[in-house]
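Presented below is the structure to which this report refers.
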Amino acid sequence: MQPVENLRWWQRGVVYQIYPRSFKDTTGNGVGDLQGVIEKLDYLHDLGIDAIWLSPFYPSPMADFGYDVADYCDVDPLFGDLATFDRLVAEAHSRGLKIIIDWVPNHTSDQHPWFIESRSSRDNPKRDWYIWRDTPNNWGSFFGGPAWTYDAQTGQYYLHQFCKEQPELNWRNPEVKAAMLDTLRFWMKRGVDGFRMDVIGLLIKDKDLRDNPPNPNAPPNLPENDLFSRLLQVYNMYQDENHAVMREIRQVLDEYDDRCAIGELWGPLSEWVRYYGEHGDELHLPFNFRLMDGMTWNAQQMRAVVDSLEAALPDFAWPNYVLGNHDRTRLATRFGGEAQARVAAMLLLTLRGTPTIYYGEEIGMEDVPIPPDKIQDPQGINLGPERTRDVCRTPMQWDAGPNAGFSPAGVETWLPIAADYVTRNVAALSADPHSILTLYKRLLRLRRATPALYGGSYRPLDVEPDNVYVYLRKADAQRYLIALNFATEPRTLAIPGETGGRILLSTHLDREEAVSLDALSLRANEGVIIAL
Ligand code: GLC
């Protein structure tokens, strides 16, 4: 265990993800912008988070809403310019907030000057910056269809595992690597505190680009064009050679003080954990989606995932948890509704490790149904409306006014606004002492003030009734018990070895009292934090 006083900001802190298109529109074009983020910094500061992760704001044709980058060192005019970005960093830092930006190293936009050059002729010096072949292999794109597109001009195919507008860089080429590492330096010099690295497990592909084997467990009834799910992802990602690249990336971050490397990674625990590096010399935080992906709302299942993660982590590795992001169904929708979302908030903010909150979770936002003709996301367009990620990317709900205070009145927002915005919005919930937003603020304040919660050890406790998750957090003499009832009925539990304590916070926000721990009563969907 690391002593709490030695923890870095990205260990003690809480990350808040902003999808800039959907946070706050200050220009009246229906799309959020960086000035909008600046205007909401006081809100974020008051909420009690420590770091902001901004999804991409780079110049982009927006084929994948910014994950198709046409220039790694600039800001799309839709979002502002470099001067706006610099102001955002300065204003955030003056409030003690860190700035983490998205870095998309696996692929560029097909409009990036590098690709325009690369595709211009087979002997262009940048030809080898991308992955060109005479004949494609069998890989499929995440977004449907083959992962290769034929380019008639030079008679070869290029690789893209997302949209065809997202050609993949050849990270085996040292010039590509050098150019991309320089983009990290560019932003660190501008004051950026860390990076969230997009699909970082994909950078190096099999040297021979071998065919992937068929997936024997492919779900039935896949859309016909879902070639991706029909194959096992063996040769297109998580190659051993990728780790050397991770170390080089980390070395560049280490040229600067106290920067943080977060990476988007999935995969089996044994592969995932390797991304911390054998000696802690790769990523600081490989994003951990294990409480999000494939999980149902069940206490035993959640505990099993946390315990297996804790057991798999080497001493130097710091855990982290994610319950929602711009690619997944909203947590309130996934887990059942606001009652579950409140317990999930307490779980996320009291486990050992860095939590990431997705914008809108603090007001309990749910998936917003998108009429088929309004679907924007290429995944939804190609693989069918039920696969669209637009549902979790809708405008933030600030108040009960027109367009939920996101865009000025009369503007058509880029995605529709949730029907319940008149009641579910920041202004209304801030004024309500029992709202989910108030719960988030209380949790964040308590966490920040409590070394046992932000830095202490974790120990699960075995308790009798099912569907309850109980654990201890401890730092020096400070001991806190978290008891979460996942069930929709009340539960009474006896906490082994404990007699009494004091409830500091309940997810219902109506209970602060001394309690006996030989018969602790929890209401349906209630979580409590108890000082022992
Ligand atoms: C990551 C992003 C996702 C994007 C994809 C391609 O998974 O989170 O939004 O579509 O990479 O860049």
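The values are calculated or read from the model by the stated rules, or taken from the named source; none is laboratory data. The structure presented is a predicted model; accordingly, all values stated were derived computationally and were not measured. Quick reminder, even Gly has a Cβ in these numbers, built from the backbone with ideal geometry, and neighbours come from all protein chains shown.
Okay, here's what the table says:
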item	result
Among (1) in a loop (DSSP other than H, G, I, E, B); (2) under 25 Å from residue 255 (Cα atoms) - the single one residue 176 does not satisfy	(1)
Residues satisfying the stated conditions in the range 374-402, i.e. away from the ligand (no atom under 16 Å from the Cβ), free of Cβ contacts under 8 Å to residues at least 60 places away in the same chain and buried (at least 19 other Cβ atoms within 10 Å of the Cβ)	397
Sole exception among (1) under 26 Å from residue 149 (Cα atoms); (2) within 15 Å of the ligand (Cβ to nearest atom) for residue 55, by number	(1)
Scan of the range 325-373 for residues that are of a type in the set (Ser, Thr, Tyr) and either away from the ligand (no atom under 16 Å from the Cβ) or over 17 Å from the mean Cα position of the chain (by Cα) (or both), ordered by number	333, 350, 354
Count of residues meeting criterion [surrounded by fewer than 23 Cβ atoms within 10 Å (Cβ to Cβ) and either out of contact with any Asp or Glu (no Cβ under 6 Å at 6 or more places or on another chain) or within 18 Å of residue 394 (Cβ to Cβ) (or both)] in the range 1-16	11
Failed criterion for residue 305 (all others in (1) away from the ligand (no atom under 16 Å from the Cβ); (2) not in a helix (DSSP H, G or I) hold)	(2)
Residue 168 being farther than 28 Å from residue 322 by Cα and out of contact with any Phe, Trp or Tyr (no Cβ under 6 Å at 6 or more places or on another chain)	no
Number of positions in the range 92-109 that are in contact with a helix residue (DSSP H, G or I) (Cβ under 8 Å, 6 or more places away or on another chain), under 17 Å from residue 75 (Cα atoms) and within 15 Å of the ligand (Cβ to nearest atom)	5
Total residues in the range 130-176, condition among the charged types (D, E, K, R), within 16 Å of the ligand (Cβ to nearest atom) and without any contact (Cβ under 8 Å) to a residue 60 or more places away in the chain	1
Selection within the range 288-312 - under 16 Å from the mean Cα position of the chain (by Cα), of a type in the set (D, E, K, R) and surrounded by 14 or more Cβ atoms within 10 Å (Cβ to Cβ)	290
Selection from the range 502-520 of residues that are in a strand (DSSP E or B) and either under 33 Å from the mean Cα position of the chain (by Cα) or closer than 19 Å to residue 442 by Cα (or both)	502, 503, 504, 505, 506, 514
Residues satisfying the stated conditions in the range 237-269, i.e. at pLDDT below 95 and either outside any loop (DSSP other than H, G, I, E, B) or crowded, with 17+ Cβ neighbours inside 10 Å (or both)	266
Close pairs from the range 212-225: first under 11 Å from residue 140 (Cβ atoms), partner in a loop (DSSP other than H, G, I, E, B) and among the hydroxyl-bearing types (Ser, Thr, Tyr), Cβ under 9 Å, at least 6 apart	212/235; 225/141
Options 473, 445, 479; residue that is of a type in the set (Lys, Arg), surrounded by fewer than 17 Cβ atoms within 10 Å (Cβ to Cβ) and at pLDDT 95 or above	445
Residue in the range 112-133 that is assigned to a loop (DSSP other than H, G, I, E, B) and under 30 Å from residue 223 (Cα atoms) present	yes
Failed criterion for residue 405 (all others in (1) away from the ligand (no atom under 16 Å from the Cβ); (2) within 23 Å of the chain's Cα centre (by Cα) hold)	(2)
Where residue 189 falls short, out of the listed (1) of a type outside the set (S, T, N, Q); (2) under 30 Å from residue 50 (Cα atoms); (3) surrounded by 18 or more Cβ atoms within 10 Å (Cβ to Cβ)	(3)
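Each row is one residue, and each column tells you yes or no for (1) in contact with a strand residue (DSSP E or B) (Cβ under 7 Å, 6 or more places away or on another chain); (2) under 26 Å from residue 365 (Cα atoms).
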position	(1), (2)
440	no, yes
447	no, yes
452	yes, no
468	yes, yes
472	yes, no
476	no, no
496	yes, no
521	yes, no
525	yes, yes
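Each row is one residue, and each column tells you yes or no for (1) of a type in the set (Ser, Thr, Tyr); (2) in contact (Cβ under 8 Å) with a residue 60 or more places away in the chain; (3) out of contact with any Cys (no Cβ under 7 Å at 6 or more places or on another chain).
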position: 431; (1), (2), (3): no, no, yes
position: 445; (1), (2), (3): no, yes, yes
position: 466; (1), (2), (3): no, yes, yes
position: 479; (1), (2), (3): no, no, yes
position: 489; (1), (2), (3): no, no, yes
position: 495; (1), (2), (3): no, no, yes
position: 508; (1), (2), (3): no, yes, yes
position: 521; (1), (2), (3): yes, no, yes
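Residue-by-condition table, conditions (1) closer than 30 Å to residue 141 by Cα; (2) surrounded by fewer than 21 Cβ atoms within 10 Å (Cβ to Cβ); (3) in contact with a Gly (Cβ under 9 Å, 6 or more places away or on another chain); (4) among the charged types (D, E, K, R):
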residue: 23; (1), (2), (3), (4): yes, no, yes, no
residue: 31; (1), (2), (3), (4): yes, no, no, no
residue: 45; (1), (2), (3), (4): no, yes, yes, no
residue: 69; (1), (2), (3), (4): yes, no, no, no
residue: 84; (1), (2), (3), (4): no, yes, no, no
